[in-house]
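Asker: Structure in structure tokens, see below.
The values are calculated or read from the model by the stated rules, or taken from the named source; none is laboratory data. Keep in mind the model is a prediction, meaning the values are calculated, not measured. So basically every Cβ, Gly included, is an ideal-geometry build from the backbone, and we count neighbours across all protein chains shown.
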Amino acid sequence: MRTIARGCVVLAALCAVTAGAAGGTTGNDRSFKLDLIGRLQAPPQLVVLGSSRSKRAEPSYLRSLTGLSGFNAGVISGTAADAFVMTRYLGDCQPLRGRRYIWFVDADVATNGVNPDLTADPRGRKYLDPTSASARRPTDCERRTLGRNNRYNPDGSFGSRSQKLPERPHDLTAKVSKLLASVVPHPPQGVNPKRYVWFERALAYMNSHGSRPVIVFDPIYPSVLAKLRSIGFPAHVTSTTYLSQLHKRYDFVVVNAQDIRVWGGSPDDFSDPTHINEVNMRRLLRYVVSHSAGALR
């Protein structure tokens, strides 16, 4: 299986920005999350999926909004394949019908890329490679000893505040300017079914288990969003067309959070040009819960 390492796809340059700013754990981020899933004491009722942009979503805060126990399964540079594996592994280790999901996605929604760390872990590989698939054994969900560099809480959220991303970096303006310079017009692309293989497999699994996921378009820094819109924002146009067609086959809710003005966000509360901080995330989560058509209740 050829790997395409892309976790953010609004612009090619976003990946470089995110990779440098996302921080993250030392070691295999995906294996850490799989470890935590195997150690859960009870099935989480609400699960967060996505890339590092989703990792500010605190299950404890979501519980205060919804009354539901939760787990954050977001991973650095997360793709649809990561979401698929985390969803399946949760389903095997902590089965629960009707589990709720908040799935943060970029403007392109998904790629068919698979991170090599995911295939390197046998717990992830078995869901991706039919030749390695086997019947689930009790040991697949054993409580493994977590790595020394793990900095996640048991619910998948970040550990202490000192380990989180900088809340207001001094060089935010410079980074935004660099990102703006990378925005160039390009023609819209048609919907390529191969791009969405893992995305649709995840949706199919969720729906088959009584779940109606909430798909949230990631926030975009205001000046960057304005420039994208000035050139037609072809990635988002393609995605909205695709999701509109997909509603015929799958049940899900879409919440567009790209424009921070819609949900009361502040440009001052970005930790870098592609990540909102904890303050903005809490504002966003309140909006998502109230605009999820009852899917998170």
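Asker: Modelled with pLDDT of 95 or more and over 28 Å from Leu172 (Cβ atoms): does that describe Gln45? I'd like the intermediate steps shown before the answer.
Answerer: Working: modelled with pLDDT of 95 or more: yes; over 28 Å from Leu172 (Cβ atoms): yes.
When the stated conditions are applied, Gln45 passes them.
Asker: Taking the stretch 234-244, which residues are over 19 Å from the mean Cα position of the chain (by Cα) and modelled with pLDDT under 95? Spell out the reasoning first.
Answerer: Of the stretch 234-244, the ones over 19 Å from the mean Cα position of the chain (by Cα) are 234, 237-238, 241, 244.
Residues satisfying the conditions are Pro234, Val237, Thr238, Thr241.
Asker: Still on this structure, please answer the following. Name the residues in the stretch 35-55 that are surrounded by 21 or more Cβ atoms within 10 Å (Cβ to Cβ) and among the basic types (Lys, Arg), would you?
Answerer: Matches in the stretch 35-55: Arg53, Lys55.
Asker: Continuing with the same structure: Looking only at the stretch 100-116, which residues are closer than 15 Å to Phe217 by Cα and not hydrophobic (A, V, I, L, M, F, W, C)? Steps first, please.
Answerer: Step one: list which residues in the stretch 100-116 are closer than 15 Å to Phe217 by Cα, which gives 101-111.
Hits for the stretch 100-116 are Tyr101, Asp106, Asp108, Thr111.
Asker: To continue, here is another question. Does any residue of the stretch 185-193 turn out to be β-branched (Val, Ile, Thr) and closer than 27 Å to Ser266 by Cβ? Quick ask: steps written out before the conclusion?
Answerer: Of the stretch 185-193, the ones β-branched (Val, Ile, Thr) are 191.
Checking the rest, the ones that are also closer than 27 Å to Ser266 by Cβ come to none.
Checked against the condition, which is being β-branched (Val, Ile, Thr) and closer than 27 Å to Ser266 by Cβ, the stretch 185-193 yields no hits at all.
Yes/no matrix, rows are residues, columns are (1) at pLDDT below 95; (2) aromatic (Phe, Trp, Tyr):
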residue: Ile231; (1), (2): yes, no
residue: Asp251; (1), (2): no, no
residue: Ala257; (1), (2): no, no
residue: Asn280; (1), (2): no, no
residue: Tyr287; (1), (2): no, yes
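Asker: Separate question: Would you mind finding the one in Gly70, Gly78, Gly50 that is closer than 19 Å to Ser290 by Cα, touching an Asp or Glu at 6+ places or on another chain (Cβ under 9 Å) and of a type in the set (Gly, Ala, Ser)? First the steps, then the outcome.
Answerer: Values: Gly78 fails: closer than 19 Å to Ser290 by Cα; Gly50 fails: closer than 19 Å to Ser290 by Cα.
None of the others qualify; the one that does is Gly70.
Asker: Need pairs with beta-carbon distance below 7 Å; first residue among the aromatic types (Phe, Trp, Tyr) and within the stretch 63-79, second in a strand (DSSP E or B) and crowded, with 24+ Cβ neighbours inside 10 Å; sequence gap 6+ or separate chains.
Answerer: Pairs that qualify, where the first residue is among the aromatic types (Phe, Trp, Tyr) and the partner is in a strand (DSSP E or B) and crowded, with 24+ Cβ neighbours inside 10 Å, are Phe71/Val47.
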